[in-house]
Amino acid sequence: MAHELHDRLLILDTHVDIPWPNGPDFTTDGPRCVDLPKVRRGGVGAVCFAAYVPQGKRDDAGNTEARTRALAMLDTIAAMGRAEGAVPAHTAAAIEAAHRAGQFAVIPAVENGTALGGDLAVLDDFAARGVRYMTLTHNGHNALADAAIPRADLGDAPTEHGGLSALGRAAIARMNDLGILIDVSHASKPSMMQAVALSRTPIVATHSCVRTLCDHPRNLDDEQLAALRDTGGLIQITMVSAFLKRSAKPSDIGVAAIADHVDYVAQRIGIDHVGIGTDFDGGGGVAGYMHAGQTPSLTEELIKRGYNEPALAKIWGGNFLRVLRVAEEVRV
């Protein structure tokens with residue numbers, strides 16, 4: 001029963017990393033948490049693959065390196081979408097069409113606005129490659145915004161911009177114009193709240209958890225959850241064990257911990273504002289759900305808690321498709 005329901009759903013994971021610079025083949029069942037054989041076993045229909053750029057020095061060399069890496073990673077993600085049984089999907093309609101056709105939808109994204117190298121024109125390059133969201137920061141402040149976790153090794157003070165910089169504000173306006181969603185995972189609370197005030201589209205946190213349940217600087221508190229709701233946005237619960245339960249290792253917790261965070265958001269701000277972003281291949285995973293092939297285990301847990309098919313459809317992709325459509329309508 002649970003597996004039949006799971007198989008009917010469009011399962012969309014909003015945040016997965018790719019190995020870089022070299023990694024196992026995406027088409028073979030290897031050590032990656034997410035590859036084509038595993039997504040087929042797990043009934044996963046779509047994934048946002050992130051071109052992750054670590055925070056480095058913001059000098060000319062560092063900026064050039066960041067831009068070069070991001071564009072090369074996006075080219076790799078595009079190649080994944082050309083694998084047999086997969087398809088690149090850059091709109092909500094394309095994602096749904098892929099699901100109907102039984103194809104796996106590859107959705108490009110960028111993690112860390114430092115990938116721009118300080119040049120807003122790079123956003124147009126990202127949009128041309130189909131990027132659907134960009135995370136404003138990673139760990140460490142950048143030219144756009146303050147991060148939730150400063151990097152002492154890069155000389156970060158507790159705050160640099162007091163939230164968003166002038167460049168960050170301009171980036172949000174341009175992202176709105178291009179239909180690229182603003183992802184506030186990793187951003188400091190002031191950065192996140194200022195983005196909420198500025199954006200003309202819903203704000204998303206593609207891989208975060210609830211601070212009331214786990215007091216970690218990467219998680220969102222109740223005020224931030226309410227702000228997401230008020231934009232029409234959502235939080236995609238992630239599976240980094242230390243974000244689900246303080247200091248927990250993956251083996252310490254299972255899918256129940258993920259469902260606890262889903263429950264909290266659904267009850268606090270509504271079922272329309274929660275989903276799943278595993279952060280597989282970037283540190284995500286809990287006992288019993290360590291790769292995409294085990295995805296039905298979370299659906300089973302949510303069914304046990306009383307979530308029906310319409311609710312599960314929202315959690316597993318419908319909510320994210322809704323915000324994508326808004327971004328598509330707003331872009332100029």
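Were the residues from SER247 through ALA93 laid out at 0.36 nm apart, the gain over their Cα-Cα distance would be 51.5 nm.
Electrostatic bookkeeping for ALA256 treats Lys and Arg as +1 and Asp and Glu as -1; over the other residues with beta carbon under 15 Å from its beta carbon, the sum is -2. Would you please name the trypsin sites (Lys or Arg not before Pro) within segment 259-305 that are DSSP coil residues with at most 16 other C-beta atoms within 10 Å of their C-beta? Listed in order of number, the matching sites are ARG305.
Working from Cα pairs under 8 Å separated by at least six residues, relative contact order for segment 83-205 is 21 percent.
Largest GNM mean-square fluctuation among LEU321, LEU228, LEU136, using the chain with Cα springs under 10 Å: LEU321. Residues LYS189, LYS314 in ascending order of nearby Cβ atoms (within 10 Å, fewest first): LYS189, LYS314.
Net charge in the neighbourhood of GLY30 (other residues with Cβ under 12 Å of its Cβ; Lys, Arg +1, Asp, Glu -1) is -2. Within segment 125-180, the trypsin sites (Lys or Arg not before Pro) that combine a DSSP coil assignment with at most 16 other C-beta atoms in a 10 angstrom radius are ARG151. When the GluC sites (Glu not before Pro) in segment 1-90 are filtered for DSSP coil states and for at most 12 other beta-carbon atoms within 10 Å of their beta-carbon, the remaining sites are GLU84.
Taking a ≥ b ≥ c as the square roots of the Cα gyration tensor eigenvalues, segment 2-330 comes out rounded, since a/c falls below 1.5.
Hey, if you drop one equal point scatterer on each alpha-carbon of segment 1-96 and run the Debye formula without solvent, what base-10 log of I(q)/I(0) do you get at q = 0.14, 0.15, 0.20 Å⁻¹? So the normalised log intensities work out to -0.61, -0.68, -1.05.
With contacts taken as Cα pairs under 8 Å at a separation of at least 6 residues, segment 2-330 carries a relative contact order of 19 percent. Measure out, as a whole number of angstrom, how far apart the alpha-carbon centroids of segment 212-283 and segment 111-163 sit. Using only Cα atoms, the two centres lie 22 Å from each other.
Under the convention that each Lys and Arg Cβ holds +1 and each Asp and Glu Cβ holds -1, the size of the dipole of the chain around its Cα centre is about 300 debye. Sorting GLU328, GLU96 from the fewest to the most surrounding beta carbons within 10 angstrom yields GLU328, GLU96. Output the DSSP H helices from the chain with an along-axis C-alpha extent of no less than 15 Å and a mean Kyte-Doolittle hydropathy no less than -1.0. Qualifying helices: 60-80, 166-178, 255-269, 319-330.
Please find, in a Gaussian network model of the chain (springs between Cα atoms separated by less than 10 Å), the residue of THR278, THR137, THR212 whose mean-square fluctuation is greatest. Comparing THR278, THR137, THR212 in a Gaussian network model of the chain, the most mobile one is THR212.
Ordering CYS48, CYS33 from the fewest to the most neighbouring beta carbons within 10 Å gives CYS33, CYS48.
Restricting the calculation to Cα atoms, every distinct pair contributes to the Kirkwood radius of segment 97-160, found to be 13.5 Å. With the charge dipole of segment 2-330 set up from +1 on Lys and Arg Cβ and -1 on Asp and Glu Cβ about the Cα centre, the Cα lying farthest toward the positive end among the listed residues ALA266, PRO202, PRO24 is that of ALA266.
Only the coordinates and a few stated rules stand behind these numbers; no lab work does. The shown structure was predicted, so the numbers you read here are calculated from the model rather than taken from an experiment. No Cβ is skipped: glycine too gets one built from the backbone with ideal geometry, and neighbour counts run over all protein chains shown.
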